Amino acid sequence: MKKIITIEDKPQWTNYVKRALRYDFYHTWYYHSLDKTGQPILFVYEENENFIAFPLLKRNIPGSDFFDFTSVYGYTGPISNLDFKVLEDEFMESFKTSFIEYLSTGQNVTVFSRLHPFFDQERLMEKFSGVHANGKTVAIDLTTSIEEQRAVYRKSVKEKIRRLRKRDYLVKVSDDIADARIFSEIYTENMYRIGAKDYYFFNENYFVNLLTSDEFDSKLFLVYKDNEPISGAVVVCTNEIMQVHLLATKTKYLNDSPAKLLTDEITVIGRALGYKYFNLGGGVNFKEDNLFGWKMGFSKLCFEFNSWRYIANSDLYNSLLQQKAIDSGSNVDFFPLYRNPVLA
């Protein structure tokens with residue numbers, strides 16, 4: 001049996017997420033409620049007490065009566081009350097049939113979803129084909145000792161952290177929601193400095209809501225120098241994984257790289273709280289760039305990051321490409337091609 005849960009039905013959405021064997025905060029009702037780029041839905045296929053739930057954003061394709069689906073920013077993909085490693089083929093095939101039937105009921109053209117590097121969702125999505133390698137994410141294994149963890153730090157990282165501690169940089173976990181304003185100001189300054197798009201700007205209320213949500217545990221870490229908060233991060237902890245959702249440093253302190261000390265201290269607290277991984281993420285657009293290299297300075301543990309790219313209606317897809325004079329054989333790494341602003 002299948003059902004479509006909309007963002008208006010928080011209790012049902014939350015119920016399926018909480019029942020999942022593994023999920024991340026990217027799957028939650030709250031996180032989807034923040035996204036205004038499409039209509040959030042949770043597609044659910046279930047047999048008796050077992051289910052697979054797939055959160056997506058349904059969007060109208062500009063200049064047409066057609067629709068496509070995408071995922072929120074972050075690591076999403078399907079979740080289930082069962083381990084993807086041991087899902088029975090019959091159950092996966094039934095999910096596939098049900099989902100394809102749903103896509104065929106409307107003018108739905110494509111589906112794009114980022115997958116979660118920790119959840120083994122590829123075994124299910126390969127039933128459709130379209131699993132695409134996007135790069136790697138870097139993680140720190142918190143089940144090892146802190147000594148083992150620090151032993152693999154790049155030499156320059158170790159030295160920087162030592163100097164920051166010597167100069168009395170301190171890291172604290174805030175228990176005052178009023179500090180959301182402090183971090184908001186640091187983050188906004190950082191976004192202006194790098195020329196970020198409007199999509200990456202958030203007001204103070206966004207941070208307050210993020211830190212007070214009852215669907216996951218968010219922690220605000222702040223770095224202080226001479227009692228001045230100069231850097232910080234919102235770290236979201238869900239099940240066995242903790243990860244930085246947003247991080248920023250005041251411009252005048254960038255050369256001191258307080259984020260290195262911050263990263264180390266987050267792992268100390270995460271280990272004490274029983275988390276298994278601190279996911280640092282990948283590079284910009286998941287390329288092995290300078291940001292990726294910075295993260296590799298802390299750990300050599302990497303996970304594959306994949307996306308799922310599926311064409312539900314080939315005729316409609318090709319007609320959209322033809323309207324925009326886009327070569328369907330283009331090797332540009334962008335999906336769907338008709339939404340590529342460079343080609344369109």
Counting only residues in segment 180-209 that are in contact with a strand residue (DSSP E or B) (Cβ under 6 Å, 6 or more places away or on another chain) and of a type outside the set (Ser, Thr, Tyr), the one modelled with the lowest pLDDT is identified as Asn190
Within segment 131-186, of all residues that are among the polar types (S, T, N, Q) and in contact (Cβ under 8 Å) with a residue 60 or more places away in the chain, the one surrounded by the most Cβ atoms within 10 Å (Cβ to Cβ) is Thr137
Of the candidates Val236, Val223, Val284, the one satisfying the condition of being farther than 27 Å from Phe54 by Cα and either in contact with a Pro (Cβ under 8 Å, 6 or more places away or on another chain) or aliphatic (A, V, I, L, M) (or both) is Val223
Log entry, pairs with first residue in segment 116-130 being more than 17 Å from Ile100 (Cα to Cα), second being surrounded by 16 or more Cβ atoms within 10 Å (Cβ to Cβ) and charged (D, E, K, R), beta carbons closer than 6 Å, six or more apart or on different chains, reads Phe119/Arg22
For segment 146-172 the number of residues that are under 13 Å from Asp264 (Cα atoms) and outside any helix (DSSP H, G or I) is 7
With the first residue restricted to segment 1-19 and required to be touching a residue at least 24 places away in the same chain (Cβ under 8 Å), and the second required to be polar (S, T, N, Q) and in a helix (DSSP H, G or I), Cβ contacts under 8 Å at 6 or more apart or on different chains are Lys2/Ser98; Ile5/Gln12; Ile7/Ser33
Exception for Asn279 within (1) more than 22 Å from Thr137 (Cβ to Cβ); (2) in contact (Cβ under 8 Å) with a residue 40 or more places away in the chain falls at (1)
Quiz item: Does Phe298 satisfy the criteria of being within 16 Å of Thr137 (Cβ to Cβ), surrounded by 21 or more Cβ atoms within 10 Å (Cβ to Cβ) and over 19 Å from the mean Cα position of the chain (by Cα)?
Solution: yes
State whether one or more residues within segment 71-78 are surrounded by fewer than 18 Cβ atoms within 10 Å (Cβ to Cβ), among the aromatic types (Phe, Trp, Tyr) and closer than 18 Å to His32 by Cβ.
-> yes
The correct count of residues that are outside any loop (DSSP other than H, G, I, E, B) and exposed (fewer than 15 other Cβ atoms within 10 Å of the Cβ) in segment 52-70 is 1
Here the qualifying pairs (Cβ atoms under 7 Å; residues six or more apart or on different chains; first in segment 81-109 and more than 13 Å from Tyr310 (Cβ to Cβ) and in the same structural domain as Glu122 (by TED's automatic domain parsing); second among the small types (Gly, Ala, Ser) and assigned to a loop (DSSP other than H, G, I, E, B)) come out as Asn81/Ala20
Restricting segment 79-105 to residues that are part of a loop (DSSP other than H, G, I, E, B) and touching a Lys or Arg at 6+ places or on another chain (Cβ under 9 Å), the one surrounded by the most Cβ atoms within 10 Å (Cβ to Cβ) turns out to be Leu87
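The values are calculated or read from the model by the stated rules, or taken from the named source; none is laboratory data. Source: prediction; values computed, not measured. Note: ideal-geometry Cβ built from the backbone for every residue, glycine included; neighbour counts use all protein chains shown.
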